[in-house]
Amino acid sequence: IEPHAFHETLQEDAGDIRCLWNHNQDIVLGRTGNGTLSLRVDDHGLWGETTINPDDSDAMNALARVERGDVNPSSFGFEILEQEIYEREDEVEFVVTKARLWEVSPVTFPAYKETSISSRQADAPDHRKVAVKLRKAKIKEKLNGIKEATR
């Protein structure tokens, strides 16, 4: 896949691309349509950033796996729009020159080993602080509800 294969379609019709966990459509980590996923193309290829929802246990579990290094490759679902084919004596090489992106995913087993994903370690404590703060607020709200009900 050429590094700029997604550039044109991201510019034309980025649509609403999802970031999924392990290509699982039931676990959406972010999406371009609401701004929780941003994507761009650079000289290395496709680059993305997802804002993790601290209220989503699936997202927080995904973040924990990435932070610990249990999951560090990524993958993507796409449609080939243009490609070049190079035939050699003992092999055929297909080079995707233009593609439409559907989704990106942190994955356990990538199709392309050159991919990677990471958590910005500097932000990780902030995510945990926000998650703890929200849990505390929910517990406090429940306790206040119980307190009011017993009066």
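Using the heavy atoms of the protein chains alone and a 1.4 angstrom probe, what is the accessible area of the chain per residue in square angstrom?
On the way: 10490 Å² over 151 residues.
On a per-residue basis, 69 Å².
If I fit a long axis through the Cα atoms of helix 124-149 and take the longest principal axis of the Cα atoms of the chain, what angle between them do I get, 0 to 90°, rounded to 10?
40 degrees
Positive end of the dipole of the chain, charges at C-beta (+1 Lys, Arg; -1 Asp, Glu), about the Cα centre: which of V107, I1, V96 has its Cα farthest in that direction?
V107
Quick one: how many Å² of S118 are accessible to a 1.4 Å probe, rounded to 10?
Probe radius 1.4 Å; accessible area of S118 about 100 Å².
As an exercise, take the mean of 1/r over every pair of distinct alpha carbons in the chain, invert it, and state the Kirkwood radius in angstroms.
On the way: mean 1/r = 0.0568 Å⁻¹.
Radius from the Kirkwood sum: 17.6 Å.
The range 59-114: which chymotrypsin sites (Phe, Trp or Tyr not before Pro) are DSSP loop and have at most 13 other beta-carbon atoms within 10 angstrom?
On the way: sites: F76, F78, Y86, F94, W102, Y112; in loops: Y112.
Answer by residue number: Y112.
Stretched out fully, how many nm does the piece from T108 to K147 gain, at 0.36 nm a residue minus the Cα gap? Could the numbers behind the result be given before it?
On the way: separation 39, 0.36 × 39 = 14.04 nm, distance 4.58 nm.
My answer for the length gained is 9.5 nm.
GluC sites (Glu not before Pro), restricted to the range 68-104: which are DSSP loop and have at most 12 other Cβ atoms within 10 Å?
Here the sparse-neighbourhood loop sites are E89, E91.
What residue among T51, G69, A149 has its Cα farthest toward the positive end of the dipole of the chain, where the charges are +1 on Lys, Arg and -1 on Asp, Glu, each on the Cβ?
A149
What ranking of T9, T150, T32, T108 comes out by heavy-atom accessible area, probe 1.4 Å, highest first? Can you show the working numbers first?
On the way: T9 5, T150 110, T32 35, T108 65 Å².
Most to least solvent-accessible, the answer reads T150, T108, T32, T9.
Between the range 44-71 and the range 82-123, what is the separation of their alpha carbon centroids in Å?
19 Å
Report, by chain and number, residues whose modeled amide H sits under 5 Å from the one on I17, excluding near sequence neighbours (fewer than 5 apart, same chain).
T32, G33
Which value in deg cm²/dmol, rounded to the nearest 500, describes the helix-derived mean residue ellipticity at 222 nm for the chain, given -39,500 (n - 2.57) per DSSP H run of n ≥ 4 and division by the residue count? Each step should come with its number before you reach the end.
Numbers: 3 runs with 45 residues, N = 151.
Calculated from helices alone, the mean residue ellipticity at 222 nm is -10000 deg cm²/dmol.
Relative to the first principal axis of the alpha-carbon coordinates of the chain, what is the inclination of helix 57-68, with its axis defined by its Cα atoms, in degrees from 0 to 90 and to the nearest 10?
Rounded to the nearest ten degrees, it is 60.
Considering only lysines 8 or more places apart in sequence, or on different chains, count the pairs in the chain whose C-alpha atoms sit under 19 Å apart. Working shown, then result.
Details: K129/K138; K129/K140; K133/K142; K136/K147; K138/K147.
Going through the chain pair by pair, I get 5.
Distance from a point 7 Å along Cα→Cβ of N61 to each backbone N in the range 86-113: keep the residues under 17 Å and list them by number.
106-109
The values are calculated or read from the model by the stated rules, or taken from the named source; none is laboratory data. These figures come from a predicted structure and were not determined experimentally. Please note: Cβ atoms are built from the backbone with ideal geometry, for glycine as well, and neighbour counts cover all protein chains shown. Surface accessibility is based on the protein's heavy atoms, side chains included, excluding ligands, DNA and RNA. Shrake-Rupley method; radii C 1.70, N 1.55, O 1.52, S 1.80 Å.
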